[in-house]
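Read the structure below first, then the notes.
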Amino acid sequence: MKEWKGISRRDFLKGAAAGAVGVAAVGVLGGCSPSESNSDEAKSYNVSETKSADIVVVGSGASGICATVQAAELGAQVILLESNSVLGGNGILTEGMFAIGSSLQKASGVGTYITFREVIATEQEFFNYRVNALFWKDLVENSADNLEWLIKNGVKFSGVVDNYYGLGKIEVFHWFVDGSGKNFIEPMVAKAEELGVTILTKTPAADLILDNGKVVGIYAKKDDDSYLQINCKAVILATGGYANNTEMMEARGYDMTYAINQGNPGHNGDGLRMATDAGGADVSLQRCFLREPYSYGIHFFGTMTQAIHRGGPFLWVNENAERYTNEDCGAFTPGNNSNAVHTQNKSFLIFDQSLLDKLAQNVENLVEDVEEAVAKCPGDNIYKADSVEELAQKAGLDPEALVATVNRYNQLCRQGLDEDFNKAPEKMHELATAPYYIFRQDLSFWTSIGGIHTNRKMEVINEAGVPIPGLYAVGTDGCELYRETYTMNVPASCNGNNCNSGRTAAKNAVASL
Ligand SMILES: Cc1cc2nc3c(=O)[nH]c(=O)nc-3n(C[C@H](O)[C@H](O)[C@H](O)COP(=O)(O)OP(=O)(O)OC[C@H]3O[C@@H](n4cnc5c(N)ncnc54)[C@H](O)[C@@H]3O)c2cc1C
């Protein structure tokens, strides 16, 4: 039995068995595989309550709350559905927002030189022109206005604008007060309440209601397992992607055995499922994740992880004990670390005592933390040994192959020229001082970014580019800005897009009423 984390198939059948039917949902087979679709089944729900609204927004996170406030400001009757008991999704965890030409930039004198050209040079060229630059243009052109709009609605920015710890290429990261997304979400929720929005928590959207291919409503599951039917003219999907849905992740090629999710729960792909059920195109394989390498079972935000899982002077090998990359690949953009790791079935990072001691000069408690990780070995993934052979045996690698790889790497270190992968000489550190350490590099997913295909109005479109009437996707559900990598070159552009796409969808939905 297939079971969604948000709405289980069992729940669905229970509702159907109860027999009370509201408006019949007409499923249109979308671009997803049948296993991700409910559209192959007759749909009926045990509807215990019916409401109506102009617009239903699904998801109260960064993009959904912006869509909600914008639509309500324009006079629409809005119902906001949230599956969790707490509002805000991962939006609460965000630290800042992209903008250029903002009043805060002008006041601080930081980043005032930045133009659309700078932004597009750092992103479009990175993606080999495979992103639609018009989405970037819209984002950039609206970004200053979006920021002023957020400030007007009570969002608290600290006034600091920078390049986010040097990870971005340009100074466009506008920090919230205390770096806390609560200072973004909470004032916006208060604004939505002030504007008369009906906010329903613990009420996950289950399925769209279509009439002749047009969205005319939505079913949502209530606390008592019955269903609320909302008749409406437009639905804005803002469910924050599918990174919490193991089945959907595995279907897209990710081994989730030792993966962890750094975001809040509740991102189960309901938006992508509903959009594709309605005929929308699934472009998730061409989109990306906010993700990073780490080792299962250790504290992700601990100093050790930050010191050793960022590439650089370490040796990385795959399951065949082969070196496979320049380990300093994240120096250009941090997303490259996880991209490189994900090219292999397994990846391990290796270092020796002298490198550990060197790094420990600048990282507090590093030696103690590494020893603790070795002692715990929480996912059969972290070992220490007195020889390279023994290290290989412990980690399940071929000892002979690993010795050969280490010897070759050491030779390249000594000659000061990485003939194999062109790593900078200052990042080449010979592995010659026992003991040796090995950490398997598992993946940490924060959020999926993109998956539902949209046009610039944020309307969900099918494979032919034709909009599904009344259906919009925003935030990380529908993001068209990146291809395979969330680069962070333009820091907080994801949140900038959350706000911009939410507002854009709301304006277009209201205009269509
Ligand atoms: C820890 C973390 C920090 C981040 N920091 C930043 C940052 O500083 N800057 C930046 O640019 N980006 C950041 N991001 C990336 C991105 O901007 C955030 O993930 C952002 O929250 C995405 O907004 P969203 O609206 O798409 O999703 P979310 O904010 O996660 O909102 C989605 C909401 O939909 C709800 N939902 C899901 N399914 C249903 C359903 N069926 N019915 C009703 N509700 C549903 C969820 O519970 C959730 O509340 C961060 C991501 C993470 C995980």
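Descriptive notes on the structure:
- Computed E for Ser354/Lys182 - FRET, C-beta separation, R0 41 angstrom, nearest 0.05: 0.40
- Approximate spin-label separation Ser387-Met256, in nm, with each point projected 7 Å along Cα-to-Cβ: 4.2 nm
- Within the straight-line cut-off of under 24 Å between alpha carbons, the lysines reachable from Lys221 are Lys2, Lys5, Lys14, Lys43, Lys51, Lys202, Lys233, sequence neighbours fewer than 8 places apart in one chain being disregarded.
- Linear extension gain, Val466 paired with Ala432, 0.36 nm per residue minus alpha-carbon span: 6.2 nm
- Of the residues Asp270, Asp225, Asp418, the one with the fewest other Cβ atoms within 10 Å heads the list, and the complete ranking is Asp225, Asp418, Asp270.
- This model, with +1 at the C-beta of Lys and Arg and -1 at the C-beta of Asp and Glu, gives the stretch 297-440 a dipole about its Cα centre of some 300 debye.
- Contact order for the chain, expressed relative to its length and based on alpha carbon pairs under 8 Å spaced 6+ residues apart, stands at 23 percent.
- Each peptide among 337-349, 495-507, 109-121, 85-97 gets the average number of other Cβ atoms lying within 10 Å of its residues, and from highest to lowest they stand as 495-507, 85-97, 337-349, 109-121.
- Theoretical ellipticity at 222 nm over the chain - DSSP helices of four or more residues, -39500 (n - 2.57) apiece, nearest 500: -9500 deg cm²/dmol
- Evaluated on the stretch 355-513, the Kirkwood hydrodynamic radius is 20.3 Å, with distances taken between all distinct Cα atoms.
- Residues of type aspartates and glutamates that Lys346 reaches as a straight line, Cα spacing below 12 Å, ignoring anything fewer than 8 places off in the same chain: Asp255, Glu319, Glu322, Asp442
- Of interest is the spacing of the C-alpha centroids, which for the stretch 385-447 and the stretch 237-298 amounts to 32 Å.
- Kirkwood hydrodynamic radius of the chain, from inverse mean 1/r over distinct Cα pairs, in Å: 24.1 Å
- Cα-based radius of gyration for the stretch 297-440, normalised by 2.2 N^0.38 Å, reads 0.96.
- Greater than 20 Å apart at Cα, pairs in Lys384/Lys427; Lys137/Lys182; Lys156/Lys191; Lys106/Lys156; Lys182/Lys507; Lys214/Lys457: Lys384/Lys427; Lys137/Lys182; Lys182/Lys507
- Cα centroid separation - the stretch 98-142 against the stretch 324-353, whole Å: 28 Å
- Each Cα pair under 8 Å and six or more residues apart adds its sequence gap; the mean of these over the residue count of the stretch 344-499 is a relative contact order of 22 percent.
- Relative contact order, whole percent, for the stretch 145-209 stands at 28, derived from Cα pairs under 8 Å and 6 or more residues apart.
- Each residue of the stretch 107-119 was assigned a 3J(HN,Hα) from its phi angle through the Karplus curve 6.51 cos²θ - 1.76 cosθ + 1.60 (θ = phi - 60°); the sequence is 5, 8, x, 9, x, 6, 7, 6, 10, 4, 4, 4, 5 Hz, with glycine and proline shown as x.
- P(r) histogram, all alpha-carbon pairs of the stretch 355-404 included - 5 Å bins from 0, percent: 5, 21, 20, 21, 19, 12, 3
- Counting only DSSP beta bridges whose two residues both lie in the chain, roughly 65 percent are antiparallel.
- Extent along principal axes [Cα atoms of the stretch 271-356; Å; largest to smallest]: 58, 28, 25
Throughout, read-outs are computed from the coordinates displayed, never taken from laboratory work. Only a predicted model underlies this, so the values are computations on that prediction, with no experimental measurement involved. Here Cβ is always computed from backbone atoms with ideal geometry, including for glycine, and neighbour counts include all displayed protein chains.
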